[in-house]
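The structure appears right after this line, and notes come after that.
The values are calculated or read from the model by the stated rules, or taken from the named source; none is laboratory data. Since the model is a prediction, treat every value here as computed from it, not as a measurement. FYI the Cβ positions are ideal-geometry reconstructions off the backbone, even for glycines, and counts take in every protein chain you see. Side chains are part of the model used for accessible areas, which takes the heavy atoms of the whole protein and leaves out ligands, DNA and RNA. Shrake-Rupley method; radii C 1.70, N 1.55, O 1.52, S 1.80 Å.
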4 protein chains.
Amino acid sequence: MTDEQVSSPAEPLRVGVLGARGRMGAEVCKAVDAASDLELVATVDQGDDLTAVSDAGAQVVVDFTTPDVVMGNLQWCVERGIHAVVGTTGFTEQRLEQVRGWLAAKPGVGAVIAPNFGIGAVLMMQFAARAARHFESVEIIEQHHPRKLDAPSGTATHTARQIARARAEAGLGPVPDATKDEVAGARGADIDGVRVHAVRATGLVAHQEVLFGTTGETLTIRHDSYDRVSFMPGVLLAVRAVPDRPGLTLGLDPLLG
Amino acid sequence: MTDEQVSSPAEPLRVGVLGARGRMGAEVCKAVDAASDLELVATVDQGDDLTAVSDAGAQVVVDFTTPDVVMGNLQWCVERGIHAVVGTTGFTEQRLEQVRGWLAAKPGVGAVIAPNFGIGAVLMMQFAARAARHFESVEIIEQHHPRKLDAPSGTATHTARQIARARAEAGLGPVPDATKDEVAGARGADIDGVRVHAVRATGLVAHQEVLFGTTGETLTIRHDSYDRVSFMPGVLLAVRAVPDRPGLTLGLDPLLG
Amino acid sequence: MTDEQVSSPAEPLRVGVLGARGRMGAEVCKAVDAASDLELVATVDQGDDLTAVSDAGAQVVVDFTTPDVVMGNLQWCVERGIHAVVGTTGFTEQRLEQVRGWLAAKPGVGAVIAPNFGIGAVLMMQFAARAARHFESVEIIEQHHPRKLDAPSGTATHTARQIARARAEAGLGPVPDATKDEVAGARGADIDGVRVHAVRATGLVAHQEVLFGTTGETLTIRHDSYDRVSFMPGVLLAVRAVPDRPGLTLGLDPLLG
Amino acid sequence: MTDEQVSSPAEPLRVGVLGARGRMGAEVCKAVDAASDLELVATVDQGDDLTAVSDAGAQVVVDFTTPDVVMGNLQWCVERGIHAVVGTTGFTEQRLEQVRGWLAAKPGVGAVIAPNFGIGAVLMMQFAARAARHFESVEIIEQHHPRKLDAPSGTATHTARQIARARAEAGLGPVPDATKDEVAGARGADIDGVRVHAVRATGLVAHQEVLFGTTGETLTIRHDSYDRVSFMPGVLLAVRAVPDRPGLTLGLDPLLG
């Protein structure tokens, strides 16, 4: 896992984890524990008291809980000057507005709320959006295990929409495609004009390829995720960054330079 | 290009080319010319007389002409004891029967008729058919330039059918797929139960990937063709093999054994 | 996992596992348990008595133990008419001769001894050896996690040797390579004339790519292994096949058609 | 090829080509000719007079000539207020200083000098440098035809150096690698601590893959170049951009957003 601080601080950053016994929370505890510049000072889950966090002097809290408790947790942390890194889902624009309000009242406190902590996935989308305006053609191929219910994946759909927006801004027209004789489905799903293909096979985990093409060359950006521990470097990146980012940060993008 | 004869024969094999000024024929002439164990002795095209071939003492003829003249060419060659390698299209079962008849009357004379001289493509299909019975999952992704009219490609459809047959023979049921929520087309075309995805992008030439998956592992067979010269090694392989293969040989498969 | 029997037999095959509490043995127990045509009737490990296997009427035994006990186990099984599937390492030619002797004395009893039960890996090597004679160029790129001690991997070295032998048999000379100005190591390790590149990166598990090239085209065979459960389909394949294969079978190759 | 201007200007941009009969120059002429927003007004080569360019009213000149004439050409153009796009090699820091001097004397005139006009290659390097600080591991695999003299390629070496610099700036230590038992060369060439593998095979053209890895995931950026026409979109991008970029622009990077 990347370790970006150059100088080792005198004191490790004190971290508390909410939802510590959940699938993701447990991984966060392990990752914080293993990082020499972080100290795991409190682990809280359903039935535990939040005061364990403040009593332990946590400077940053990581929240992987549920939509029904996360807002209470966040308000409680912000009011006590504790920074927050949040992976819990369910943030509507209305909820984000509320969080912004709490943060405005406590200048100096930061919160990072991200739908995806996979650094690789976030960079893939970032690069895809940047490349989009320079290539005549683009298609997405995502590959997952066959137990997945939706096709294409949410990440693929999101990537396609970002690409479509970048193409529109650059004044690019539709991608060239002379197909006349198609067996239904061969050319994939059409997401805002970008073709997306969903492959399903036993043995696969979670993979995505974005293929760009122009005269005589192609550029491919591929992300392979093998395990949920792949989210941990992104969580730690946010934990280390949030004390220096007062206010609300949405998504990992701004933290990735 | 592979060069499989170990001992160099005293005399190069004498080769004539029919359709010598066509796209493929011209490449064949160049390839024969460049091979030290072959000698290009006659080049014939529309308007030329076939006797140029027999006059020059050709032992093997390569035919890349058109469906309307190929049968006449073939009969003429076989009757004169000249072996033939044929890449011209349009061979129905009825036509093949006729050719078998001519060859039966001239024991010792051979003809290789193949729809595809790409060694890589033929091996890809061969390997795919062999792997098919050992994997729970399989999908095909073919990638071509955007001027292509059909989707999926003929090669992909043919590969899918061979895989489906191999799965049926092995008693395999349908591939696992829990997809419930699909944007139309995302899961590709269904060719005999095998999903096939057709990608189109400027910069691509002709590519195909067959992905097999079972518990914890995947096997991928990929073919990339950049140029029509990729057919030449297969044509030369057939030219060198045909004198030792009396009767009719269909496709490159038996020569790749 | 593939399930190749077409008709479901009246009775499931009775299977015992030796080394049942080991890393691999435990996975075998789970896999046998999950297969509807197999019944796990005995699990034996250090300190347990082998008679548990015969008492339970096991027809096939799977042995993932250690080199110091495997010979005793095998002799015991063969004498009692129990077929064996062996993944334990350490089989020298001398040991194999001994096993052949025991089997000769008990016609009808079979043993499959294999160094690698990964169907994908075995097929990759099989296909690579078959393709080798048809391509001018070939290189191997293997990719593993950075905790691996050897470079290249044993599988890559083995694949390179098989390819080199196939090239020699086909009379192919050295692969073309005009490199004059090389930073040391750039062109990889030379294994019998085949260049092998070993990539190491966090996040990778175990991957291998064999790249073949000839004029205008390339053929790539790639194997990705994500988990040790990837060996289970191969173990079950051997368990189902061994009752019909009296005598010694070496490696999965003969079982893969 | 991408076509980024949204509104079609009343008048096409008037373009002259120096080195018009060279390999690259000829392709530039074709590409300018085919673009509806550009007009090819002058083509000059050895022995021709430069005044053909000014007489034709060229607004932009593209120079693919040789190191011994390019400085004269550039000075001549800048003095006449003609913008320049230069792909000719041989620009030392001293030469660049001279060009900056000429441009300072003619405010409003722009020059783009780039060692590589492949948009895909430039973006690959840009993305690689940005991703570098976020991944523990990184390796480069470049693949070329076997007639190439150097290994690794200049692009691969350049990419490795940029990655090494980004890692150093981020305070990342050496990549993890437990290799103890290496066949010489297996782990590739060491370029500033980044391992680079050079694959050579008939059938390949020019390809490069940068593989990044961190816990549980990998990110791969791959560029495939099939043809020297792949440089044309980059040349046209520079031609369209240079009138709005007074002074010296080095490389395509600043034009790619």
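Structure data summary
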| item | result |
| --- | --- |
| Gain in span if fully extended, A:Arg161 to A:Arg80, counting 0.36 nm per residue against the direct Cα distance | 25.3 nm |
| Antiparallel bridge percentage (DSSP; both residues within chain A; nearest 5) | 45 percent |
| Which of D:Val86, D:Val138, D:Val70, positive extreme of dipole for region D:31-180 (C-beta unit charges) | D:Val138 |
| Share, in percent, of DSSP beta bridges within region B:88-207 that are antiparallel, nearest 5 | 45 percent |
| Percent antiparallel among DSSP beta bridges (both partners in region A:133-257, rounded to 5) | 75 percent |
| Trypsin sites (Lys or Arg not before Pro) lying in DSSP loop within region D:130-209, provided at most 14 other Cβ fall within 10 Å | D:Arg147, D:Lys180 |
| Gaussian network model of chain D, Cα within-10 Å springs - most flexible of D:Leu149, D:Leu18, D:Leu219 | D:Leu149 |
| Helix-only [θ]222 nm of chain B, DSSP H runs n ≥ 4, -39500 (n - 2.57) each, per residue, nearest 500 | -10000 deg cm²/dmol |
| Extension reserve of the B:Asp49-B:Ala34 stretch, reckoned as 0.36 nm per residue once the Cα distance is removed | 2.9 nm |
| Cα gyration tensor category, rounded, prolate or oblate, for region A:198-257 with a/c compared to 1.5 | oblate |
| Cα lying deepest toward the dipole's positive end in chain B, options B:Gly213, B:Ala31, B:Leu96, charges on Cβ | B:Gly213 |
| Between region A:221-257 and region B:198-247, the Cα center-to-center distance that results, in Å | 42 Å |
| Top positive-direction residue, dipole computed over chain B with Cβ charges, set B:Val183, B:Ala198, B:Gly108 | B:Val183 |
| For chain A, projected area of the alpha-carbon convex hull averaged over all directions, nm² | 16.6 nm² |
| Between helix D:23-34 and chain D: long-axis angle, C-alpha atoms, 0 to 90°, nearest 10 | 70 degrees |
| Angle between chain A longest axis and helix A:93-104 axis [Cα atoms, degrees, rounded to 10] | 40 degrees |
| Pairwise label distance in nanometres, B:Ala184 with A:Thr66, each label 7 Å out on the Cα-Cβ vector | 3.8 nm |
| For the protein assembly as shown, fraction of C-alpha pairs farther apart than 44 Å, in % | 44 percent |
| Among B:Thr89, B:Thr179, B:Thr157, residue whose mean-square fluctuation peaks in a GNM of chain B (springs only between Cα atoms under 10 Å) | B:Thr179 |
| Rounded FRET efficiency, nearest 0.05, which uses the C-beta distance separating C:Asp192 from C:Glu93 and R0 of 22 Å | 0.55 |
| Total charge dipole magnitude, region B:208-257, about the Cα centre, Cβ charges on Lys, Arg, Asp, Glu only, Debye to nearest 20 | 220 debye |
| Relative contact order (%) - region C:95-238, alpha-carbon pairs under 8 angstrom, separation at least six | 34 percent |
| In region C:170-257, the GluC sites (Glu not before Pro) that fall in loop regions by DSSP, at most 13 other Cβ within 10 Å | none |
| Pair B:Asp244, B:Ala168: separation of 7 Å Cα→Cβ label points (nm) | 3.6 nm |
| Distant-in-sequence amide H partners of A:Val183 (H built 1.01 Å from N, under 5 Å) | B:Ala151 |
| Angle between chain A longest axis and helix A:232-241 axis [Cα atoms, degrees, rounded to 10] | 60 degrees |
| Other copies of C:Arg245: label-to-label distances in nm, shortest first, labels 7 Å along the beta-carbon direction | 3.0, 5.6, 6.3 |
| Fraction of accessible area attributable to carbon and sulfur, the protein assembly as shown (%, probe 1.4 Å) | 49 percent |
| Between region A:134-152 and region A:64-117, the alpha-carbon center distance in angstrom | 31 Å |
| Relative contact order for region D:76-168, counting Cα pairs under 8 Å that sit 6 or more residues apart, in percent | 27 percent |
| Relative contact order of chain B, pairs being alpha-carbon contacts under 8 Å that are 6 or more residues apart, as % | 22 percent |
| Residue of chain C whose Cβ sits closest to the axis mapping C onto B, with distance in whole Å | C:Phe127, 2 |
| Label point 7 Å beyond Cα along the C-beta direction, distances from D:Lys180 to other copies (nm, shortest first) | 4.2, 5.1, 6.6 |
| Dipole moment magnitude, nearest 20 debye, chain B about Cα centre, only Lys, Arg, Asp, Glu C-beta charged | 320 debye |
